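Undergrad: Just dropping this structure here.
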Amino acid sequence: MLLLALVAGGLAARRYDLVDRLRGGDEPSASPTTDPATLAPPPGVDLPEVAAPPPVAPASTPTRDVDAAAVRRTLQPYLRDRRLGPHVLAEVAPLAGGAPTLTRGQRPDDVAIPASTTKVVTSTAALLALGPDHVFTTEVRRQGRTLTLVGGGDPYLERTPLDDGEPWPYPARADLETLAEQTAAALGGVRRVRLTYDDTLFSGPQVNAAWEDDYVSSGEVSPTSALWVDQGRVPGQLGRQADPGAEAARAFASALGAAGVTVRGAPAPARAPRTSAIATVDSAPLAQVVQRLLDVSDNDAAEVLLRHVGVATSGEGSIDAGVAGVRRLLRTAGVRMGDSVLLDGSGLSRDNRLDPSVLVALLRLAAADDRPDLRAVVTGLPVAGFTGSLTDRMDQGPPAGRGRVRAKTGTLSNVTALAGLATDLDGNVLVFVLMADRVPDPNGVVARVVLDDAAAALGACACS
């Protein structure tokens, strides 16, 4: 069983060819598939034997016999807390399958505002549509002396590579400076060009009508574009670019200039010619994008993935096509959405509604032994007290819960939610969803802490 191979995650690092550096580059490089552990050290270097590290924790040995009464006793004090407000939904079930051990709602199939737990739905759908190894490619095409920068919907495209002294992000990022250098090399002696840009992979409104009016101006999210840099952020400010595609083209023109190619005039929007790309940069694989967006609750990346779902399922990169594609993919995967309503990919809309059973079903699906293609949905969940949006949370409930719970957070005004996995003291992995969407105004932070404590209590429970 998968269990806490769920704790696996990726750490990106720069790669250095130590063998070539030691040899001074006089000999051919070793094959990139060669295992470094099989190479003899240079003369005069005495290295210790490589030893397998000990496990970081005892292996989980679940009984698969979860006591529903124990789960109820653990959660009821928290779920009855009046500071959560009058509408609290919860569902807890063994990861291994079977009926829920706890269901709470005012009626069967009750729904609530999911906030950012919506990102679990969007991420799963994107992986179902495209697969974990899919990459998003930014291209440059040429027709005569005109270049076209073509957006491929890379959610993490940046202006420049990071300086050597900066911390390396996960996942690695493609950047326009590298693309400009490739372009300059491909142009040969041509050093004066015109530049256009094509961001038409996505269609329809860039700003979702179901969002609050100030979400873009306050920096919550950018207008969603198939072409942007730095997620449409304005350097040094909270606001976002009004036209992310145009700003990306201006940034690329500047990068071309630094690479020795002069751009005549201002970049203009245009359809890309049907010619082969002369330069490309690829995003990280989708699995890594999903891990990142779930870990830090990235609204912008989630909205980009929703558009990609639309493109993959219908050829149309609009909000409506993305939402319809999500429902179709989940239905095909055997997940009933029932009375759920989704209007975006990030969960920023207060008009979204989600049945907790949908999130339980998706987390079970992503953790299934026969669905490694969806595993990033689980490995991307923040770990309580350690990573992402849970780094500084779950510090007031049962201490044993820290490190034993990983969950996607969800927060809007008067709304708090969690959806994830808890490994109890007996080694049982429980899928849980906790939602409160009518939290009284003075209690927003307190209500979040109450649900945090409830999730931590599941990790500290001996529930067999």
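Undergrad: Considering only residues of the range 312-330 that are β-branched (Val, Ile, Thr) and under 13 Å from GLY345 (Cβ atoms), which is surrounded by the fewest Cβ atoms within 10 Å (Cβ to Cβ)? Please lay out each step first, then the result.
TA: So the first thing to find is which residues in the range 312-330 are β-branched (Val, Ile, Thr), and the list is 313, 319, 323, 326.
Narrowing the set further to residues that are under 13 Å from GLY345 (Cβ atoms) leaves 319, 323, 326.
Details: ILE319: 25, VAL323: 20, VAL326: 26.
The residue in question is VAL323.
Undergrad: Residues that are open to solvent by 20 Å² or more (accessible area, probe 1.4 Å) and within 22 Å of GLN143 (Cα to Cα): does the range 200-218 have at least one?
TA: Yes: the range 200-218 contains one or more residues that are open to solvent by 20 Å² or more (accessible area, probe 1.4 Å) and within 22 Å of GLN143 (Cα to Cα).
Undergrad: In the range 201-210, is there at least one residue being at negative phi, not hydroxyl-bearing (Ser, Thr, Tyr) and not in a loop (DSSP other than H, G, I, E, B)? Lay out the reasoning, then the answer.
TA: As a first pass, look at the range 201-210 and keep what is at negative phi: 201-203, 205-210.
If we keep only those that are not hydroxyl-bearing (Ser, Thr, Tyr) too, we end up with 201-202, 205-210.
Okay, now just the ones that are also not in a loop (DSSP other than H, G, I, E, B), so none.
The answer is no; no qualifying residue exists.
Undergrad: Taking only pairs six or more apart or across chains, which ones have beta-carbon atoms under 7 Å, a first residue in the range 439-454 that is crowded, with 19+ Cβ neighbours inside 10 Å, and a second residue that is modelled with pLDDT of 95 or more and of a type in the set (D, E, K, R)?
TA: That search, which allows pairs on different chains as well, returns ASN443/ARG83; ALA447/ARG83; VAL450/ASP81; VAL450/ARG83.
Undergrad: Can MET337 be described as among the aliphatic types (A, V, I, L, M) and closer than 18 Å to VAL71 by Cβ? Give the derivation first.
TA: Numbers: among the aliphatic types (A, V, I, L, M): yes; closer than 18 Å to VAL71 by Cβ: no.
No; evaluated as a whole, the condition is false for this residue.
Undergrad: Would you point out the residue of the range 85-99, among those that are over 28 Å from the mean Cα position of the chain (by Cα), at negative phi and modelled with pLDDT of 95 or more, that is surrounded by the most Cβ atoms within 10 Å (Cβ to Cβ)?
TA: Filtering the range 85-99 for residues over 28 Å from the mean Cα position of the chain (by Cα) gives 85-87, 98-99.
Remaining after also requiring at negative phi: 86-87, 99.
This time we only want the ones that are modelled with pLDDT of 95 or more, so: 86-87.
Numbers: PRO86: 11, HIS87: 16.
Result: HIS87.
Undergrad: Just the residues that are hydrophobic (A, V, I, L, M, F, W, C) and not in a loop (DSSP other than H, G, I, E, B), please, taken from the range 384-393.
TA: Of the range 384-393, the ones hydrophobic (A, V, I, L, M, F, W, C) are 384, 386, 390.
Selection gives LEU390 alone.
Undergrad: Okay, moving on. Here are LEU381, LEU343, LEU306, LEU348: which of them is of a type in the set (A, V, I, L, M), modelled with pLDDT of 95 or more and assigned to a helix (DSSP H, G or I)? Can you show your working first?
TA: Numbers: LEU381 fails: assigned to a helix (DSSP H, G or I); LEU343 fails: assigned to a helix (DSSP H, G or I); LEU348 fails: assigned to a helix (DSSP H, G or I).
It is LEU306.
Undergrad: Only one of (1) among the basic types (Lys, Arg); (2) surrounded by fewer than 19 Cβ atoms within 10 Å (Cβ to Cβ); (3) assigned to a helix (DSSP H, G or I) is not met by ARG336, so which one is it?
TA: Here ARG336 meets the rest and fails (3).
Undergrad: Residues in the range 394-424 that are buried (at least 24 other Cβ atoms within 10 Å of the Cβ), assigned to a loop (DSSP other than H, G, I, E, B) and at pLDDT 90 or above: how many?
TA: Result for the range 394-424: 2.
Undergrad: Checking ARG331 against (1) without any contact (Cβ under 8 Å) to a residue 60 or more places away in the chain; (2) touching a Leu at 6+ places or on another chain (Cβ under 6 Å), only one condition comes out false. Which one?
TA: Only one criterion in (1) without any contact (Cβ under 8 Å) to a residue 60 or more places away in the chain; (2) touching a Leu at 6+ places or on another chain (Cβ under 6 Å) is unmet by ARG331, namely (2).
Undergrad: Let me ask something else. Considering the range 279-309 alone, what residues qualify as being acidic (Asp, Glu) and open to solvent by 10 Å² or more (accessible area, probe 1.4 Å)? Working first, answer last.
TA: As a first pass, look at the range 279-309 and keep what is acidic (Asp, Glu): 282, 295, 298, 300, 303.
Once the filter is applied, which keeps residues that are acidic (Asp, Glu) and open to solvent by 10 Å² or more (accessible area, probe 1.4 Å), the range 279-309 yields ASP282, ASP295, ASP298.
Undergrad: Based on what the data block shows, is GLY85 in contact (Cβ under 8 Å) with a residue 24 or more places away in the chain and either out of contact with any helix residue (DSSP H, G or I) (no Cβ under 8 Å at 6 or more places or on another chain) or over 16 Å from ALA454 (Cβ atoms) (or both)?
TA: The answer is no for GLY85.
Undergrad: Also: Scan (1) open to solvent by less than 20 Å² (accessible area, probe 1.4 Å); (2) touching a Pro at 6+ places or on another chain (Cβ under 8 Å); (3) assigned to a loop (DSSP other than H, G, I, E, B) for the single condition GLY152 breaks and write down its number.
TA: (2)
Undergrad: Condition first: open to solvent by 10 Å² or more (accessible area, probe 1.4 Å), touching a strand residue (DSSP E or B) at 6+ places or on another chain (Cβ under 7 Å) and either closer than 17 Å to ARG327 by Cβ or assigned to a loop (DSSP other than H, G, I, E, B) (or both). Now tell me which residues in the range 114-144 satisfy that.
TA: Just the residues of the range 114-144 that are open to solvent by 10 Å² or more (accessible area, probe 1.4 Å), to begin with: 116, 128-135, 137, 139, 141-144.
Narrowing further to those that are touching a strand residue (DSSP E or B) at 6+ places or on another chain (Cβ under 7 Å): 116, 135, 137, 139, 141-142.
Residue satisfying the conditions is VAL135 alone.
Undergrad: Now for a separate question. Any residue in the range 100-112 that is among the β-branched types (Val, Ile, Thr), touching a helix residue (DSSP H, G or I) at 6+ places or on another chain (Cβ under 7 Å) and at pLDDT below 95? Show your work before the answer.
TA: Here is the first cut: in the range 100-112, the ones among the β-branched types (Val, Ile, Thr) are 101, 103, 111.
Still in the running and touching a helix residue (DSSP H, G or I) at 6+ places or on another chain (Cβ under 7 Å): 101.
Now narrow it down to the ones that are at pLDDT below 95: 101.
Yes, that holds for at least one residue.
Undergrad: Which members of the range 358-378 meet the condition of being open to solvent by 40 Å² or more (accessible area, probe 1.4 Å) and either assigned to a helix (DSSP H, G or I) or without any contact (Cβ under 8 Å) to a residue 24 or more places away in the chain (or both)?
TA: ARG364, ASP370, ARG371, PRO372, ASP373, listed by residue number.
Undergrad: When you look at GLN237, is it within 29 Å of the chain's Cα centre (by Cα), at pLDDT below 95 and open to solvent by 30 Å² or more (accessible area, probe 1.4 Å), yes or no? Break it down into steps so the answer makes sense when it comes.
TA: Working: within 29 Å of the chain's Cα centre (by Cα): yes; at pLDDT below 95: yes; open to solvent by 30 Å² or more (accessible area, probe 1.4 Å): yes.
Here the answer is yes, as GLN237 does meet what is asked.
Undergrad: Oh, and also: Testing ALA186 on (1) among the small types (Gly, Ala, Ser); (2) open to solvent by 40 Å² or more (accessible area, probe 1.4 Å); (3) farther than 25 Å from ALA246 by Cβ, one condition comes back false. Which one is that?
TA: Of everything listed in (1) among the small types (Gly, Ala, Ser); (2) open to solvent by 40 Å² or more (accessible area, probe 1.4 Å); (3) farther than 25 Å from ALA246 by Cβ, ALA186 misses just condition (3).
Undergrad: Looking at the structure I just gave you, is SER349 touching a Leu at 6+ places or on another chain (Cβ under 6 Å), surrounded by fewer than 24 Cβ atoms within 10 Å (Cβ to Cβ) and closer than 25 Å to LEU127 by Cα? Give the derivation first.
TA: Working: touching a Leu at 6+ places or on another chain (Cβ under 6 Å): yes; surrounded by fewer than 24 Cβ atoms within 10 Å (Cβ to Cβ): yes; closer than 25 Å to LEU127 by Cα: yes.
Taking the combined requirement at face value, the residue satisfies it.
The values are calculated or read from the model by the stated rules, or taken from the named source; none is laboratory data. Quick caveat, the model's predicted, so the values are computed rather than measured. Backbone-built Cβ (ideal geometry, glycine too); neighbour counts: all protein chains shown. The accessibility values were calculated without ligands, DNA or RNA, using every heavy atom of the protein model including side chains. Shrake-Rupley method; radii C 1.70, N 1.55, O 1.52, S 1.80 Å.
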